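Q: Encoded as structure tokens, here's the structure I'll be asking about.
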Amino acid sequence: MRCTKMLLLISMTSVAVGLLGRDRATAVNPPLADPPQQADADKAIRERNELRIDTWKKVEYRQTYPSELLVSGHFDEHGMFKRFPLSTSYWMPNWKYTYAVNDPIVTGKLEAESVNFQDINTRIPGSTEEVYEFRSGKLVPGLLAYPGRFVPTAGGKIISIDEYTPKKGATRIYNLPGEFLELPKGETSKPYSTAVDKRGQLTKRKITWYRLESDTDRVVGLIQNKKVVAGKLDVNGTFIPLPDVAAVARPEGAATVEVTSGSLKMVIPVINMMPADKTVFEFHGLTSLVCGRLRPDGSFEPTLGTSVITLSDYMFYVDVTRDPIYNLPGRLVVVKE
């Protein structure tokens, strides 16, 4: 009986000590706020970096209705996605590595501009990422769920874009219409609300929209082995020689040449004869244009460091009258300006 009472006393004493220890721990170690040094460092980052709105910055966006597609477009000044009128859609589910700006990054918080595609797994059903959604200068906290669905966090605090610290490891703003740029030394960032009008002028950029009017029956000339061979371009821009037309001597300084097919004489353009310092693109289908130049012998030389782009990118970003596609199977027709 005495043993039982002693055990009970020991047990009650242990519980009391545990509760006391817990209370003391809570009192001695309260939840830590950001140290003053960190708060000052974040403030300095905000003062050195200013949001520059760019409502024509191209992004890839995962569209889920009526089917899952990857489309090209841009975010307007309010953070709403708008698809480019002539953008190409891609059916994405079977791609091993696919990335859209509204896909959750499930490997951690990475800077959007330096994403390693191999580190992103956007095909895990139910994967999510804590993000901010940009809405007219305000940031709404929430979860980005695959595929491409933003869910605001209940009880989450909505903050101003001016309160956001654009540093490594910061929560990503998945639909930011622009980027944070570091200001020159001595300059301090302006509040977003006072710079809206200045930034809004960027949305008035004049855009000319084109469409490709295909023509695979046009006869053209291509310089090969110091002669001009007559042929046609297929839908992928591949040159197909005409067997019944003899090659002719390369013209000196002329952009056209006369060829004969039976009793028919034709004057055709020589498509790969341009100044060596002129930027041109080589067409390999709607999704593959390579930037480069034409050498004096007519061969195409890609430019180091440039990226392969789509035809929709070319029509949107490139001056089509200045930097032509030399082997385009057709012509670009203005849709609207």
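Residue-by-condition table, conditions (1) within 17 Å of Asp323 (Cα to Cα); (2) among the hydroxyl-bearing types (Ser, Thr, Tyr); (3) modelled with pLDDT under 90:
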{"residue": "Pro241", "(1), (2), (3)": "no, no, no"}
{"residue": "Pro251", "(1), (2), (3)": "no, no, yes"}
{"residue": "Ala254", "(1), (2), (3)": "no, no, yes"}
{"residue": "Ser261", "(1), (2), (3)": "no, yes, yes"}
{"residue": "Val267", "(1), (2), (3)": "no, no, no"}
{"residue": "Ile271", "(1), (2), (3)": "yes, no, no"}
{"residue": "Met274", "(1), (2), (3)": "yes, no, yes"}
{"residue": "Asp277", "(1), (2), (3)": "yes, no, yes"}
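Q: Checking Arg293 against (1) more than 21 Å from Asp54 (Cβ to Cβ); (2) assigned to a loop (DSSP other than H, G, I, E, B), which single condition isn't satisfied?
A: So Arg293 meets the others, but not (2).
Q: Is it the case that some residue within segment 258-277 is surrounded by fewer than 13 Cβ atoms within 10 Å (Cβ to Cβ), within 21 Å of Ser299 (Cβ to Cβ) and hydrophobic (A, V, I, L, M, F, W, C)?
A: yes
Q: Which one is modelled with the lowest pLDDT among residues in segment 203-238 that are among the acidic types (Asp, Glu) and closer than 18 Å to Leu289 by Cβ?
A: Just the residues of segment 203-238 that are among the acidic types (Asp, Glu), to begin with: 213, 215, 217, 234.
Checking the rest, the ones that are also closer than 18 Å to Leu289 by Cβ come to 213, 215, 234.
Values: Glu213: 90, Asp215: 93, Asp234: 93.
Top of the filtered list is Glu213.
Q: Restricting attention to strands (runs of 3 or more DSSP E) lying wholly within segment 237-290, give those where 3 or more residues are more than 22 Å from Leu212 (Cα to Cα) and either within 42 Å of the chain's Cα centre (by Cα) or not polar (S, T, N, Q) (or both).
A: Values: elements: 239-241, 256-261, 264-269, 280-283.
The strands (runs of 3 or more DSSP E) meeting that bar are 256-261, 264-269.
Q: Next question. Identify, from the list Thr321, Thr310, Thr287, the residue that is farther than 18 Å from Asn236 by Cα and of a type in the set (S, T, N, Q).
A: Thr321
The values are calculated or read from the model by the stated rules, or taken from the named source; none is laboratory data. Please read all numbers here as calculations on a predicted model, not as lab measurements. Positions of Cβ are backbone-derived with ideal geometry, glycine not excepted, and every protein chain shown enters the neighbour counts.
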